[in-house]
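Just below is one structure, and these are the notes that go with it.
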Amino acid sequence: MDYSYLDTDSAIEQAVRGFENKDRIAVDFEGEFNLHIYGEHLCLIQIYDGDRYYIIDPRSRGVTKNGLSIFFSSSVKKLWFDCQSDASLVYKQYGLVINNIFDVRVLAEVLGFHGNLKALESEYLGIESNINKKKNQQANWLKRPLPDEQIAYALEDVMHLAELEDVLTPIVSSRNLEKNAAFQMRKATAVKKPKPGWTRLGGWKRLSKEEKIYARCIYIARDRIARRFNVPAVHVMDKHLITELAKNRPQSIERLKEKTACENPRFITLLVPALWNAIEEARKESEQL
C-alpha cells in the first residue's frame, strides 16, 4: 500500500498545509500500552485524506512535540473511531489537545450499534477484512522498520471512515437523532484529565477509604520498579495482588514474602522491601483518617 512517511517536523508541516485544502481527513493511532516496555507511548499516526495515505512516526528523532502540535492543532476536520483513549494518550504524553475531532463511533452508537470498527464496516458498508486484528493489536509498534503487514493493518483503520460518515449521517438525520448525536459528540471529544492508574484497578470502587490508601501506595511501589527496569508493570507483579494486599495486609515482612512468592523472581529482591515500605507508609497515612 502506497503512503507518505512523515518522520520530520518539516514533513508534517508540509502535509498539514495540504490537509487545509481538504474537507476532512481520517486519523487513527497505534500505541504501546504496557505490553512490551514500561508505560504508554504513541507509536504511529495513520492518516487518509481521501486521495493519499500518510504515516507520522512520533518515534523518529526528527519528530518533536512542536511537529505533533502542528498536526493536532490544525483546523482540518479529523475523522476518528473511538477517539477518547487516543486523545487521552496525547494529552498525557505531550500535554496536547487534538482540535476538531469528529468521532464516527458516536453516530454508530446513537443508532444503537456498539460493535468495533470492523463490525461497523461489515454492517453498513459490506466490507470484510482479511487482516488478523488480534495479532496486530498485540504487535510491537515500537520496532523499526515496521513489517508491511502491520503498516497495512494500521492504514486499513482509516480507509473507510469517510464512507462511514457519509452513510451514517443521513440515517441519524432521518431518525431525528441529530441533537442527541451532537450532545454525545461533545462528550466524546471533550478533553478529559487522565485518571491515576490505581483508580483503574479491578474492584477499586468497592475498596474502603483505608484500603484505597494501601492500594495506591502499593501500586506506586510496583510502578517505580517497572519504570526503573523499563518493563511492563505486570511483569513485576500481577495487578490483582495489589487489591489483595490492600484488603488483607500482611502483618510481617515474612508474611509478605509468602504472598509474593509466585511473583517474578527477577524483581522479588527489590519488590518485597518496596512493598513493605509502601504498606508501612499507607498504615501511617490511614492512621490519620
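Computed over protein heavy atoms with a 1.4 Å probe, the carbon and sulfur contribution to the accessible area of the chain reaches 47%. Only helices enter the 222 nm calculation for the chain: every DSSP H run of n ≥ 4 contributes -39,500 (n - 2.57), and dividing by all residues gives -15500 deg cm²/dmol, rounded to 500. Placing a pseudo-label 7 Å from each Cα along the Cα-to-Cβ vector at Lys179 and Ala152 gives an inter-label distance of 4.8 nm. Take the chain with all the other protein chains still there, run a 1.4 Å probe, and you get 53 Å² of accessible area per residue. In the chain, taking the dipole from charged Cβ atoms about the Cα centre, the farthest positive-side position among Leu120, His41, Thr243 is held by Thr243.
Cβ neighbours within 10 Å, averaged per peptide: list 253-262, 213-222 in order, most packed at the top.
Details: 253-262: 13.8, 213-222: 23.2.
For the peptides 253-262, 213-222, the packing ranking is 213-222, 253-262.
Here the peptides 168-181, 265-278 are ranked by packing, the mean other Cβ count within 10 Å, and the order with the highest first is 265-278, 168-181.
Divided by 2.2 N^0.38 Å, where N counts the residues, the Cα radius of gyration of segment 93-206 comes to 1.30. With the biggest extent put first, the Cα atoms of the chain measure 65, 45, 35 Å across the principal axes.
The values are calculated or read from the model by the stated rules, or taken from the named source; none is laboratory data. All of these numbers come straight from a predicted model, not from anything done at the bench. Cβ atoms come from the backbone with ideal geometry, glycine included; neighbour counts cover every protein chain shown. What goes into the accessible areas is simple: the full protein's heavy atoms, side chains included, and nothing from ligands, DNA or RNA. Shrake-Rupley method; radii C 1.70, N 1.55, O 1.52, S 1.80 Å.
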